[in-house]
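Participant: One structure, as structure tokens, below. Some questions next.
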Amino acid sequence: MTSHMDQTLRPGLYIVATPIGNLGDITLRAIEVLRGVSVIACEDSRITGKLLNHLQISKRMIRYDDHASERDRNALIERMHSEAVALVSDAGTPLVSDPGFRLVKAAREAGVEITSLPGPAAAIVALTLSGLPSDRFLFAGFLPNKAKARGDALIDLADVPATLVFYETAPRIVDALRAVAQFLPGREVAVARELTKKFEECRSGDPLDIAGHYESHPAKGEIVLMVGPPVAKTLSEADVDALLRNELASLKPSQAAAKVARETGIDRKVLYTKALSLK
Ligand code: SAM
């Protein structure tokens, strides 16, 4: 299996994103690198084996996750000094709700050369589909399983002025949507399911309406749940003036207007005119 690539890949760690459902989403560079490395660290060799099989690549695989012993991790790092090692996860981008963080941290500390090949990540695909604001988002991984912990996690995120992106599973989606309605009231949500696959869908709107839908049509497959940013509270003129005055103490009118616009969702130009009159 010696190819041109075998000689040209430099030793180090290659983080390789793989498809999240549609095998057509593998990148040309991912194929080249998977072909060229000497081993592939993966979560599950059966799953990665299927991908390699599809790409007609036969390569040694080493099981790795962040629960691996220090000894196993060090052995992998040791290899990276003299060989090209790929890290893949079962699907999508490694380290994104998947193993790899500890390995990358240790590899950096050991002075290993590291590169990361971009590719699919369900959070980003979902965000682009959702119609929710994409200028600022916070990826929050999986919500806790237990109701109390899930509520607390949502309350913790309530004031973040950004779209929230969570990974979910089909059996939990109805409860998660109900929790969002309870703890983050008044926010629009979107649910993206089976991205890049045959039954891809994205529904957006009120969390209780969508929960109702999935109660009568139980969701299957993989799911990303998104929650739109906090809605502009109904502020009185006096509230808005007070916010602006507060910012004008340290900022120029244009900056104060921009900041208050971000926080309240009120039009920046309207705020700018107000700020000028307050000065
Ligand atoms: N590393 C992966 C990535 O880059 O997206 C995520 C791995 S995480 C263990 C698995 C979760 O990702 C699923 O529970 C689901 O929330 C989300 N996911 C993965 N593939 C998906 C898809 N095709 N459609 C919707 N969500 C998906």
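The values are calculated or read from the model by the stated rules, or taken from the named source; none is laboratory data. Predicted model only: the values in this text are computed from it and were never measured. Protein only, heavy atoms only, side chains kept; ligands, DNA and RNA dropped before computing areas. Shrake-Rupley method; radii C 1.70, N 1.55, O 1.52, S 1.80 Å.
Participant: At 222 nm, what helix-only mean residue ellipticity would the chain give, in deg cm²/dmol to the nearest 500, using -39500 (n - 2.57) for each DSSP H run of four or more?
Facilitator: After summing the helix terms and dividing by the residues of the chain, the value is -12500 deg cm²/dmol.
Participant: Find the centroid of the Cα atoms in the stretch 157-214 and in the stretch 25-46, then give the distance between the two in whole Å.
Facilitator: Centre-to-centre distance over Cα atoms comes out at 32 Å.
Participant: When you take every Cα atom in the stretch 135-259, what is the radius of gyration, and what is Dmax, the widest Cα pair distance, in Å?
Facilitator: 17.6, 55
Participant: Tally up the carbon and sulfur contribution to the accessible surface of the stretch 133-270 as a whole percent, 1.4 Å probe, everything protein left in place.
Facilitator: C and S atoms contribute 53 percent here.
Participant: Out of His81, His213, His67, any idea which swings most in a Gaussian network model of the chain, alpha carbons joined below 10 Å?
Facilitator: His67
Participant: For the chain, modelled as a GNM with alpha-carbon contacts under 10 angstrom, which of Ala179, Ala106, Ala261 fluctuates the most?
Facilitator: Ala261
Participant: Could you tell me the distance between the Cα centroids of the stretch 72-89 and the stretch 217-246, to the nearest Å?
Facilitator: Centre-to-centre (Cα) distance: 44 Å.
Participant: Show me, for the stretch 74-84, the HN-Hα J-couplings you get by feeding each phi into the Karplus relation (A = 6.51, B = -1.76, C = 1.60, θ = phi - 60°), rounded to Hz, glycine and proline as x.
Facilitator: Listing the rounded values in order: 4, 4, 5, 4, 4, 4, 5, 6, 10, 9, 7 Hz.
Participant: With axes computed from alpha carbons, what is the tilt in degrees of helix 207-216 against the longest principal axis of the chain, rounded to the nearest 10 within 0 to 90?
Facilitator: With both axes taken from Cα atoms, the answer is about 50 degrees.
Participant: At q = 0.15 Å⁻¹, what base-10 log of I(q)/I(0) does the Debye formula yield for the chain when every alpha carbon is treated as an equal point scatterer in vacuo?
Facilitator: Log-scaled intensity ratios, in q order: -1.07.
Participant: Mind listing the long-range amide H neighbours of Ala41? Cut-off is under 5 Å, sequence gap 5 or more, other chains count too, H placed in the peptide plane at 1.01 Å from N.
Facilitator: Ile62, Ala86, Leu87, Val88
Participant: Ratio of alpha-carbon Rg to the 2.2 N^0.38 Å globular estimate for the stretch 5-120, to two decimals, please.
Facilitator: Cα-based Rg divided by the globular estimate yields 0.95.
Participant: Would you report the distance distribution of C-alpha pairs in the stretch 237-278 as whole percents per 5 angstrom bin, up to the bin with the largest distance?
Facilitator: The calculated distribution, bin by bin, is 6, 31, 43, 19, 1.
Participant: Sticking with this one: Check which residues have an amide H placed less than 5 Å from Ile20's amide H, if you skip close sequence neighbours.
Facilitator: For Ile20, whose amide H was placed from the backbone, the distant partners under 5 Å are Gly92.
Participant: Jot down the radius of gyration and Dmax of the stretch 140-198, Cα atoms only, both in angstrom.
Facilitator: 11.6, 36
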